[in-house]
Amino acid sequence: MLKLIEAIFAGRIQTEDIDTVGSKQFRGELNCNTAQCDKCGECLQVCPVSAITINEYNRPIIDYKRCVFCGRCVDACAGCALYHSNLEALPEILTGSSVDVGRVTNIRPGRSLHVRHLDAGSCNACDFEMGALSNPLYDLHRFGVSFVASPRHADAVMVTGVVTRNLEKAVHMTYEAMEEPKVVIAVGACAAGGATYGETYAIVGALDKVLPVDIFVPGCPPRPSAMIVALLAAADLYLERSKSMGNK
Ligand code: SF4
Ligand code: SF4
């Protein structure tokens, strides 16, 4: 902290670089060293959100929309075949768009996005990380992205939390209030995968049960830098849709 303050007083820029590579100090994408895998299936048994399946080559496939990056599968792996890399499980662009998520952090003059945040039933950790987007370290505004108070002013909606029955109507109303074109982003394992709290009478499920989702941001909660990559992809997607509608 003292070093950060010193650097700020020395006049250096202290905002975090945003790229699609990830961070050195966190649990990122899961890799499997197949030579060491004895196919015991223990990883499937311990995963709390059923995010692992085994493909035809006996390799574990991770559903990053569901994964909460708890590391239980890595701990349970007797052969030490599974391990976390330090690469960000990047936001997945699932629409038929031509947006290249690997290139979205390139500077594009004139690109901007107005975003409405909607909590559909989160534990609030995703929302706290989203709040960090506006702090001096992440400084979201340098990318031309800002949050707005009304869906009528928004180009995109960022939804956190598994959709609860109490807020399902609010999700629909928010989406309906937005002008076309509009982009929907599901933030975190709850909104993206819907499995975090299991199935109960109070839960509808993942956001894509309710709305057409364009971008899924993995994590529980996702890091702010992953959200920024998702927002820049959303800005490009919004521009693409605007042009196809004949808007300038
Ligand atoms: S790290 Fe992901 S895939 Fe592994 S047990 Fe936890 S939720 Fe399941
Ligand atoms: S994804 Fe994780 S951090 Fe985000 S709302 Fe769900 S439980 Fe909380």
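Looking at segment 96-104, is at least one residue at pLDDT below 90 and hydroxyl-bearing (S, T, Y)?
Yes, some residue in segment 96-104 is at pLDDT below 90 and hydroxyl-bearing (S, T, Y).
What's the number of the only condition in (1) within 16 Å of ligand 2 (Cβ to nearest atom); (2) over 18 Å from F128 (Cα atoms); (3) surrounded by 23 or more Cβ atoms within 10 Å (Cβ to Cβ); (4) not hydrophobic (A, V, I, L, M, F, W, C) that D155 fails to meet?
In the conditions (1) within 16 Å of ligand 2 (Cβ to nearest atom); (2) over 18 Å from F128 (Cα atoms); (3) surrounded by 23 or more Cβ atoms within 10 Å (Cβ to Cβ); (4) not hydrophobic (A, V, I, L, M, F, W, C), D155 misses (1) alone.
If M130 satisfies every condition in (1) surrounded by fewer than 20 Cβ atoms within 10 Å (Cβ to Cβ); (2) in contact (Cβ under 8 Å) with a residue 60 or more places away in the chain; (3) more than 16 Å from ligand 1 (Cβ to nearest atom) but one, which is the exception?
It fails just one condition, (1).
Return the only residue of C73, C47 being within 16 Å of ligand 2 (Cβ to nearest atom), modelled with pLDDT of 85 or more, more than 18 Å from the chain's Cα centre (by Cα) and surrounded by 17 or more Cβ atoms within 10 Å (Cβ to Cβ).
After applying the criteria, what remains is C47.
Output the residues belonging to segment 173-222 that are surrounded by fewer than 19 Cβ atoms within 10 Å (Cβ to Cβ), under 20 Å from A125 (Cβ atoms) and of a type in the set (G, A, S).
Hits for segment 173-222 are G198, A202, G205.
The values are calculated or read from the model by the stated rules, or taken from the named source; none is laboratory data. Note that the structure is a prediction, hence the values are computed from the model and not measured. Every residue, glycine among them, receives a Cβ derived from its backbone with ideal geometry; neighbour counts consider all protein chains shown.
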